[in-house]
Amino acid sequence: MRFDLLTLFPEMFEGYLGQSLLKRAIKRDLVEVMLHNIRDWAENKHKKVDDRPFGGGPGMVLKVEPVIECVEAVRGDGPRPGHLVMLTPQGRPLNQAVVEELAQRERILLLCGRYEGFDERIREILEPDEISIGDFVLNGGEVAAMVIIDSVIRLVPDVLGDEESSGDDSFSQPGRLLEFAQYTRPREYRGLEVPAVLLGGNHE
Ligand code: 6GU
């Protein structure tokens, strides 16, 4: 499975991409993550990617040209154009069903916004799958993109070992909201004991 991250802050992903599970998946060629800096598609000599909104108001708006040209170039790089996800607080809410749907894709482009938003024509031209990770406002889509990668790669075959298997995950079984409480050694800590039923070795 391939992810392409389109962002103004590719450095934000470096620590995350080097983390154990994802790092291992990348090394084993199960997952590929490519970083693209939207600023590289800014034409003007100042590499300007944002501008003041028409009609006034606070903040800056992401310009249409660098975003469209970046998406088109990235789509053209590789055998399939990929599924375009745009991370915005206005998007459809992310949940495990959406994660499962995304995990079926072979290639996903994650377009991360910043500032006050995207020029509306970006939506009109690209018709992206707009996704939000919750009813709150982030400074940009980068952290949301990491949330998507983190949740989707758990469902990519062979990414998890048997030990970590996703079948037991809290939301993957209908009606089962939380994984059962778990304990490891010591049997007693500050007077709190592991329930006796878990100490008998009977898995049922
Ligand atoms: Cl995807 N982006 C931003 N900027 N804020 C958010 C979000 C995304 N999801 C929830 N809040």
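Quick note: the coordinates plus some simple rules give every number you see, no bench work behind them. Only a predicted model underlies this, so the values are computations on that prediction, with no experimental measurement involved. Backbone-built Cβ (ideal geometry, glycine too); neighbour counts: all protein chains shown.
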What percent does the relative contact order of segment 19-154 come to when contacts are Cα pairs within less than 8 Å and at least six residues apart? 26 percent
Subtract the Cα-Cα distance of residue 73 and residue 14 from 0.36 nm times their separation in residues, and report this length gain in nm to one decimal. 19.0 nm
Once residue 184 and residue 44 are pulled to full extension, the length gained, defined as 0.36 nm per residue separation minus their Cα-Cα distance, is 44.6 nm
Using alpha-carbon coordinates, inclination of helix 142-153 to the longest axis of the chain, degrees: 50 degrees
Cα centroids of segment 185-204 and segment 104-121: how far apart, whole angstrom? 47 Å
Max mean-square fluctuation residue, GNM over the chain, Cα-Cα springs under 10 Å, options 50, 135, 40: 135
Residue 150/residue 35 FRET efficiency (R0 22 Å; Cβ-Cβ; nearest 0.05): 0.85
With residue 46 itself left out, Lys, Arg at +1 and Asp, Glu at -1 over residues whose Cβ is under 13 Å from its Cβ give +2
How about residue 63: which lysines have a C-alpha closer than 20 Å to its C-alpha, ignoring those fewer than 8 places off in the same chain? 45, 47, 48
With a point put 7 Å past each Cα toward its Cβ, work out how far residue 158 is from residue 90 in nm, to one decimal. 4.1 nm
Most exposed first, judged by fewest Cβ atoms within 10 angstrom, 72, 193 run 193, 72
Summing +1 per Lys or Arg and -1 per Asp or Glu among the other residues with Cβ less than 13 Å from residue 10's Cβ gives -3
Suppose each label sits 7 Å from its Cα in the direction of the beta carbon; what would the residue 124-residue 51 distance come out to in nanometres? 1.5 nm
Spin-label point model (7 Å from Cα, Cβ direction): what's the residue 192 to residue 80 distance in nm? 4.6 nm
Would you mind ranking 36, 83 by Cβ crowding within 10 Å, fewest neighbours first? 83, 36
Cβ-Cβ FRET estimate between residue 204 and residue 139, R0 fixed at 45 Å, reported to 0.05: 0.40
